[in-house]
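Note sheet for the following structure.
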Amino acid sequence: MPLFYNPLEAAAHRLSVVPPMFDYFGAMGLHALVAAARTGVFDALRERPSTAGDLAAALGLDPHATGVLLRALTGLGYLRVRGGRYRLTRTARRWLTTGSTTSLLPGLVFWERTARVLWPGLEQAVRDGAPARPFYASLADDPELSRSFHAWTAAVAARQAPAAARRIPVPRDARLVLDVGGGHGLFSLALLRRHPRLRATVIDLPDALPPAAAHPRLTPRAGSFLEDDLGSGYDVALLFNIVHGLNDEEAARLLRRVAAALDPGGVVVVGDQFGDSLMPGRASRALVHLLDLNYLVTVGGRVRGLAEVTGLLRAAGFGRVRHRRPLGSPTTELAIARKPLR
Ligand SMILES: C[S@@+](CC[C@H](N)C(=O)[O-])C[C@H]1O[C@@H](n2cnc3c(N)ncnc32)[C@H](O)[C@@H]1O
């Protein structure tokens, strides 16, 4: 929530005069956003500022309840009100309207579903050290969770892939890219657009793959990157948002398999959140730690620091690891290394 304490409120929290109510109420803020998105409030206010009554009439909602929702959203920093007319703040316009090119609405649906379906297993995961139920099994049983997960990863990738592709050092005579768990294929597509001689294979679970017609030089392949043959002769391997979803043994095994699939001199790119190199600041650290908790309760993976990822790459046989932070991709950083020539 785009909420900032004023000095008096901050002091009250520091001195613990008030209880940590925002954490108790945090889930309510999420549900308020989901209700507003699903009833069309954000999109309608993008068209024109409106009173609660006019908005309720236009969207077929209860007028009193609409006013209550609008006031809550105003308090949370998503709306402003003047003379009884509500308008979107820049945050709501940018991230929460369907017309916006930076819309992360699919993420709202995914995170709400994740909080509702998967996070109740947190207590058990903390007792056991592993998720109560494997994430991909939950996706198979829950079409909305599955749809929203793939829509969310695609929405994030659409923003980040062009910047990431600019930072990937593709060898001059490279021909083949392996996109490991590449899902929608958007990271490969960004690379193919920059390098007309490249072809890419995206390996992923069947439901995640793009259609074969997505691009003439992109081949979707259904399979498990941990179990099935990855093929060989690749010049570049992409692992975007993959390593955080694996436990230590799986991560080490996957990187060894990727090293074996690359030709000597081939480049591996791990794109992920590196917990130890993000923006300094309590709020950023808190977000990373919550994400770490999310990986624990959902996939049984974790946020790793750059040093840990470097260690995994070196143990798999890769050479010096370079760290890149693509502009326009604040949360996904790159660790890039080459397979030695011999
Ligand atoms: C967090 S998503 C990342 C997708 C894409 N690389 C990106 O960064 O947007 C993880 C992907 O790995 C895939 N995946 C998970 N386990 C897999 C496995 N054992 N074999 C193949 N794909 C797998 C998922 O289906 C999903 O598409």
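The values are calculated or read from the model by the stated rules, or taken from the named source; none is laboratory data. Note that this is a predicted model, so its numbers are computed, not measured. In this analysis, Cβ positions are derived from the backbone assuming ideal geometry, glycine residues included, and neighbour counts consider all displayed protein chains. Please note that ligands, DNA and RNA were not included when accessible areas were found on the heavy atoms of the full protein model with its side chains. Shrake-Rupley method; radii C 1.70, N 1.55, O 1.52, S 1.80 Å.
Laid out as a table, the results:
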item: Close pairs from region 39-67: first within 15 Å of LEU96 (Cβ to Cβ) and small (Gly, Ala, Ser), partner surrounded by 13 or more Cβ atoms within 10 Å (Cβ to Cβ) and at pLDDT 95 or above, Cβ under 7 Å, at least 6 apart; result: GLY40/LEU59; ALA44/SER50; ALA44/LEU55; ALA44/ALA58; ALA44/LEU59
item: Hey, ALA337 assigned to a strand (DSSP E or B) and either surrounded by 18 or more Cβ atoms within 10 Å (Cβ to Cβ) or away from the ligand (no atom under 16 Å from the Cβ) (or both) or not; result: yes
item: Count - residues of region 152-179 that are among the hydrophobic types (A, V, I, L, M, F, W, C) and within 11 Å of the ligand (Cβ to nearest atom); result: 8
item: Tally, over region 200-235, of residues that are more than 14 Å from the ligand (Cβ to nearest atom) and either within 21 Å of the chain's Cα centre (by Cα) or closer than 24 Å to GLU333 by Cα (or both); result: 2
item: Where VAL258 falls short, out of the listed (1) surrounded by fewer than 24 Cβ atoms within 10 Å (Cβ to Cβ); (2) more than 10 Å from the ligand (Cβ to nearest atom); result: (1)
item: Conditions (1) within 15 Å of the chain's Cα centre (by Cα); (2) within 14 Å of the ligand (Cβ to nearest atom); (3) within 23 Å of PRO211 (Cβ to Cβ): number failed by ALA140; result: (1)
item: Enumerated strands (runs of 3 or more DSSP E) restricted to region 165-278, each holding at least 2 residues that are free of Cβ contacts under 8 Å to residues at least 40 places away in the same chain, in the same structural domain as ASN294 (by TED's automatic domain parsing) and closer than 21 Å to GLY301 by Cα; result: 199-204
item: Condition check for PRO171: surrounded by fewer than 21 Cβ atoms within 10 Å (Cβ to Cβ) and touching an Asp or Glu at 6+ places or on another chain (Cβ under 7 Å); result: yes
item: Hits in region 118-153 - residues which are among the hydrophobic types (A, V, I, L, M, F, W, C) and open to solvent by less than 60 Å² (accessible area, probe 1.4 Å); result: LEU118, LEU122, ALA125, ALA130, PHE135, ALA137, LEU139, LEU145, PHE149, ALA151, TRP152
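A quick yes/no check of all residues on (1) among the aliphatic types (A, V, I, L, M); (2) modelled with pLDDT of 90 or more:
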residue	(1), (2)
VAL258	yes, yes
GLN273	no, yes
ARG285	no, no
LEU296	yes, yes
LEU313	yes, yes
ARG320	no, yes
